[in-house]
Structures are given as C-alpha cells and as structure tokens.
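The next block holds one structure in the form of structure tokens; read it before the comments.
The values are calculated or read from the model by the stated rules, or taken from the named source; none is laboratory data. Given the structure is predicted, the values throughout are model-derived calculations rather than measurements. Virtual Cβ from ideal backbone geometry, glycine too; neighbours counted across all protein chains shown. The accessibility values were calculated without ligands, DNA or RNA, using every heavy atom of the protein model including side chains. Shrake-Rupley method; radii C 1.70, N 1.55, O 1.52, S 1.80 Å.
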Amino acid sequence: MKKIFTLLAMLGLVLGVNAQVKYALAVDETHKAGDLVSVKDAAGEEVATLTFGIKGEADYAAAGKDKHIDGFEAYTAGNGVNGKKDGSQGTQYIIVPKYDGKIEAGVVLNSGKAFYVLEDGTALDDYNGITVDEKYYGIYSFSVKAGKTYIVTCAGSKLGFYGFKYNYGGEGGEEPVVTIAKPTFEVDGVTYESGATVQGLTTGQAVTIHVEKGMYIYTNWSGKTGNAKADYYKADRMKGQTSYNASTSSGGQRVLYAVAGDTDDANGNSSDLAYIVFEDVVASDPVISVIPYNPEVGRPAIVTITKGCENDIIRYTLDGSTPTPDSPEYTENIELTSDAIVSAIAFDKGNANPSNMVVEAISLTFETASVEITSAGYATFYNGNEYPVLPPSEVMAYAATVEGTTVNLSDPIGSIAPGEAVILSGEPGTYDFVINPFVQVQEQTTNLLKGYSSTQMIEAEEGYRYYMLSEGEFGVGFYPGAKNYGPFVSEGGKAYLAVPAELQANFFLFDGTTGINGIAATEGSEAVYNLQGVRMNGKLSKGVYVKGGKKFVVK
C-alpha cells in the first residue's frame with residue numbers, strides 16, 4: 001500500500017507505492033555547522049540525510065517562529081561568511097536522498113543574493129544563480145536521484161531554511177508521482193479556481209495564471225472541452241514564473257486551459273488540467289433623456305444618456321448616423337443649441353459587443369396646437385396636451401361660470417393649464433397656440449367648462465345639464481347639445497358647459513359687460529323667455545325677460 005509519512009506528525013495516510021517525508025524545523029530548534037540529521041520515514045527507515053553546511057564555516061542560529069510559508073512554522077537562519085556556489089564555504093544545506101524523487105525546499109532568500117542548487121557540484125539548469133529583487137519566502141522544487149549530493153546554497157552570508165518535502169518512489173526507486181497544484185486564474189484583481197465562468201470578456205483583457213514557483217505554464221485558448229492534457233502542452237510556455245498574462249479575444253464563449261508542469265516538455269510531472277470559461281456579454285441599451293430648450297431663460301436643450309451596465313462605454317453622434325468605436329464617448333451631459341438627432345450605442349470596455357442603437361430627434365422649436373375661431377368670433381378650447389398652452393396675443397381666453405342665464409367670464413387667462421377648458425374670443429381665423437413646458441400656470445378653481453382630448457359621446461352626469469357653444473335662436477351662446485338635454489357628440493379639443501340642472505335654462509348668453517362683445521339680437525324674433533330660458537306664453541307677470549336677444553323689464 002502507498003503511504004505518506006510526515007516526520008514530525010508521524011501521520012500515515014494511504015498513498016500507494018509512492019511516499020512523502022516532510023522534514024520541518026520545530027520552533028526553538030537550533031543547529032550548528034556540521035550537524036547531520038537523519039530523515040526517517042514512519043517505520044524508522046532512513047530515506048535521506050541533511051547536513052547543516054560545512055563545519056567551521058557557518059553558524060546556524062536558533063530558529064525564529066515564522067509562518068511565511070504554508071505548512072511550516074519556523075526557520076533557521078544561516079549566519080555564514082560570504083559563500084561560494086560550490087558549497088566550499090558560506091551557508092549551505094546538504095541533502096543526500098536514498099531514492100529518486102523530488103524535493104520541495106522551503107527557504108528565505110534575501111534580495112540580491114545568488115541562489116543555487118547543485119547536484120554533485122554542478123548547478124541545476126533551473127537554479128544556477130537565481131536572484132530576487134525583494135526578500136523571498138517560498139518553495140524551490142527540483143528532481144533528485146538516489147545517492148547524489150544536493151547542495152542548497154547562497155553566494156552570500158544569509159540563507160534561511162524551514163525544511164523540505166521529499167517525494168520518492170519507494171524501495172524500487174520508481175519515478176514518483178508528484179502532486180502539483182492546479183493553476184488558478186486572476187481577472188481584474190479577482191482570483192478564480194478551475195471551472196469558473198466569468199462574464200464580460202473583452203478583447204485584450206489580461207488573464208493572469210498563477211502556479212507554484214519554478215513550474216512551467218502551458219496554456220491554450222479553445223472553444224473545446226476535454227481532459228487530455230497533451231492537447232495543451234503545445235501552447236505558450238513560460239519558465240520559472242508565477243504568472244502568465246494571456247490576452248483574450250472576443251467572439252462567443254471562450255475557454256482558457258492551463259497546466260502547471262515541472263519540466264519543459266509533456267513527459268514531466270504536471271498538474272491536473274485547469275480551465276476558466278469566458279462569456280461575451282452584449283452591452284445594455286442606453287437610455288436618452290432630454291430636458292427641453294427654454295427660451296425664457298436662454299437655456300439650451302440638455303441631453304442625458306444613461307448606460308445599463310457600469311462597465312459599458314457609450315458612443316454617440318448628433319446627426320442621426322450610427323455610432324462606431326471611433327465616435328465621441330459620452331462622459332457628461334450634452335447641451336444643444338440647434339436641432340439634432342442624437343444616436344447612441346453602448347459598447348463593452350473593449351469597444352466590442354455593441355447594444356442596439358437608440359435615437360432621439362430633438363427640436364429647439366416648441367410644438368403648437370392649431371385652433372380655429374369661427375365667423376361668430378368665439379370658440380372653445382380644451383388643453384389635452386402634457387404642458388401649458390399659450391394663446392397668441394390676438395386671442396383672449398376665459399374661464400366661465402353662470403348666473404341665471406348669463407355666462408360670466410373670468411379675467412383673461414395668460415396660459416391654459418393641461419386639462420383646462422376655456423372660451424376664446426378673437427377675430428375669425430386659425431391660430432397657433434404654443435405648447436410651452438416651462439410656463440407656470442394657476443388652475444381655475446371656478447370653471448364650469450369641461451372637455452376631452454378626443455371626440456366623445458357626452459352624457460350629463462346626474463344633477464347636471466350639458467350645453468354646447470353654438471349659434472341659436474338668440475345668437476351665439478350655450479344651447480343644449482341635444483333635444484331634452486340628451487347625449488351629444490363633443491369634438492376633441494373643444495369644450496362644453498356643465499351647469500347644475502336646477503337652473504332649468506335652455507340657453508346661456510354672454511353678458512356684454514364681461515369684456516366680450518355683446519351678442520347681436522336675432523331680427524324678427526318675437527319669442528319671450530325668462531332668465532331661466534323658459535319660453536313664456538300669455539300675459540307676463542312682473543320681472544325681467546329676454547326678447548330678440550335683449551333683456552326688458554315688466555313692471
């Protein structure tokens with residue numbers, strides 16, 4: 001059966017014919033130059049020896065408690081003289097293994113000090129004078145052969161040592177199966193384990209692949225899936241690095257595969273296949289908002305474009321053409337002093353994967369509502385627009401109430417609020433009323449005029465009678481829209497008069513004192529009405545009556 005052996009913990013685990021021994025310095029353990037340690041397995045068999053340098057040339061001081069390297073808690077500082085790489089003097093650790101295998105040595109290396117691993121006096125290719133810019137805590141891994149002498153040395157006076165893991169093949173000296181950690185992936189500062197999916201892939205985005213120190217990295221971009229590591233060894237390689245930047249390319253789902261290995265070919269020890277999946281994300285459609293032009297204060301139209309995703313880049317044009325990655329980028333509100341057609345497209349941060357195009361036509365001219373005043377010189381108007389309406393100076397607008405059979409008009413109204421109905425007076429003709437969103441209006445609280453934006457069949461609600469502006473028996477005034485005050489059709493944009501039913505009048509005439517010209521009498525009419533609009537027959541009692549469109553008094 002396989003076993004894994006840890007010298008300190010003496011922990012036996014099932015591992016197969018290959019084995020592992022870990023030699024680790026304990027806290028407060030000390031050594032002198034020339035000290036030799038026998039490294040034994042759990043059964044007490046010696047599998048390697050470790051010598052602390054050459055006697056008389058170095059002093060290995062007491063260990064300090066330190067957890068810079070996972071799996072080790074302490075290290076011994078080697079305080080030797082400036083050494084030589086061949087181990088003839090200085091600070092060295094000499095290991096002689098009994099079996100073929102692999103050693104992972106935990107060391108502390110100061111900056112600028114050349115580091116070597118020698119096999120029978122000859123430096124290994126991977127460790128022939130390694131230097132670091134900053135103090136390095138970590139693992140140096142190298143393959144070993146039974147009976148050969150390996151010197152871990154530094155051509156300087158300092159080299160700290162935590163211990164080592166020794167993977168070996170057992171009695172037969174079989175080549176060990178060495179466990180190498182899978183690579184991990186880093187994108188935009190976030191680390192992902194193998195199998196992760198990342199959205200938002202952009203062209204040229206850097207993907208950093210992390211492996212153990214001294215490992216080779218094999219990578220390959222592919223849309224395929226699979227586990228055959230050999231398919232990916234032919235791709236990019238970098239030796240002795242802990243990371244590798246692989247630029248991505250957009251275009252559907254992409255998979256980046258990576259393998260860590262301890263040699264520069266497919267025959268060495270390697271990790272399991274690791275991979276990360278990237279998915280393109282189409283940018284979200286932008287939203288265009290407009291604050292209209294305000295001529296009263298001289299403010300231009302202000303355009304705001306909102307993006308649906310924080311990482312999107314918005315490109316725009318002002319002539320209606322399709323934005324491209326070379327179009328201006330939207331970074332702040334756009335102020336318009338002339339008409340424009342704003343087109344916007346959102347791209348991802350690599351100027352790829354565009355959204356749909358959104359378009360907004362913007363005019364600095366206010367819309368108008370067309371209103372006709374008939375030959376009678378009067379009209380009604382209902383403002384069904386979203387904003388106030390301004391009548392031209394030639395036309396007067398009024399709210400209306402009634403008293404008796406007389407229509408009383410308000411003071412002239414300068415602007416007509418949305419949902420407000422009015423009576424208009426002016427010379428016959430067609431006029432453009434300006435729709436202005438910036439006008440402040442005061443709604444009329446006492447106004448019996450009502451209306452709709454579209455043509456409606458009108459039926460009076462209970463307790464009311466409805467009247468239309470028309471030219472009747474006594475001239476222009478408000479008369480029932482249908483016989484017996486029944487339902488009638490009211491045109492869209494026009495108004496009607498809603499009067500409490502108790503007045504029981506069949507017409508309402510304008511009072512000449514209100515500011516509207518008096519209504520001309522209908523010539524030859526002999527019919528007489530009281531002020532409630534009731535036609536009178538026979539002898540009249542005392543009171544005020546209407547005949548031929550004019551009032552008279554019976555005393």
**Message:** Here is a check on your reading of the model: is SER38 at pLDDT 90 or above, open to solvent by 10 Å² or more (accessible area, probe 1.4 Å) and at negative phi?
**Reply:** yes
**Request:** For the range 389-398, state whether one or more residues are assigned to a loop (DSSP other than H, G, I, E, B), crowded, with 17+ Cβ neighbours inside 10 Å and over 34 Å from the mean Cα position of the chain (by Cα).
**Result:** yes
**Asked** Going by the structure shown, is LYS32 part of a loop (DSSP other than H, G, I, E, B), under 26 Å from LYS113 (Cα atoms), modelled with pLDDT of 80 or more and open to solvent by 50 Å² or more (accessible area, probe 1.4 Å)?
**Response** yes
**Request:** Would you mind finding the one in GLU473, GLU462 that is among the charged types (D, E, K, R) and either buried (at least 20 other Cβ atoms within 10 Å of the Cβ) or within 17 Å of TYR378 (Cα to Cα) (or both)?
**Result:** GLU473
**Message:** Give all pairs with beta carbons closer than 6 Å in which a residue from the range 314-343 that is of a type in the set (Asp, Glu) meets a residue that is outside any strand (DSSP E or B); count only pairs at least 6 apart in sequence or on separate chains.
**Reply:** GLU335/PRO300; ASP339/SER363; ASP339/LEU364
**Asked** Tell me, which strands (runs of 3 or more DSSP E) wholly within the range 274-331 include 3 or more residues that are open to solvent by less than 40 Å² (accessible area, probe 1.4 Å) and at pLDDT 85 or above?
**Response** 301-306, 313-317
**Asked** When you scan the range 399-424, how many residues do you find that are of a type in the set (Val, Ile, Thr) and assigned to a loop (DSSP other than H, G, I, E, B)?
**Response** 2
**Item:** Residues of the range 335-388 satisfying the condition of being surrounded by fewer than 19 Cβ atoms within 10 Å (Cβ to Cβ), of a type in the set (Ser, Thr, Tyr) and either at pLDDT 90 or above or not in a loop (DSSP other than H, G, I, E, B) (or both)
**Value:** THR368, SER370
**Request:** Identify the residue in the range 41-61 that is part of a loop (DSSP other than H, G, I, E, B) and touching a strand residue (DSSP E or B) at 6+ places or on another chain (Cβ under 8 Å) and, among all such residues, is modelled with the highest pLDDT.
**Result:** PHE52
**Asked** Hey, among PHE438, PHE478, PHE433, which residue is over 21 Å from PRO500 (Cβ atoms) and surrounded by 21 or more Cβ atoms within 10 Å (Cβ to Cβ)?
**Response** PHE433
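Please find, among PRO412, PRO428, the residue that is open to solvent by 50 Å² or more (accessible area, probe 1.4 Å) and modelled with pLDDT of 90 or more. Step through it out loud before you land on a result.
Working: PRO412 fails: modelled with pLDDT of 90 or more.
After applying the criteria, what remains is PRO428.
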**Item:** From TYR137, TYR116, residue being under 17 Å from GLY163 (Cα atoms) and open to solvent by 50 Å² or more (accessible area, probe 1.4 Å)
**Value:** TYR137
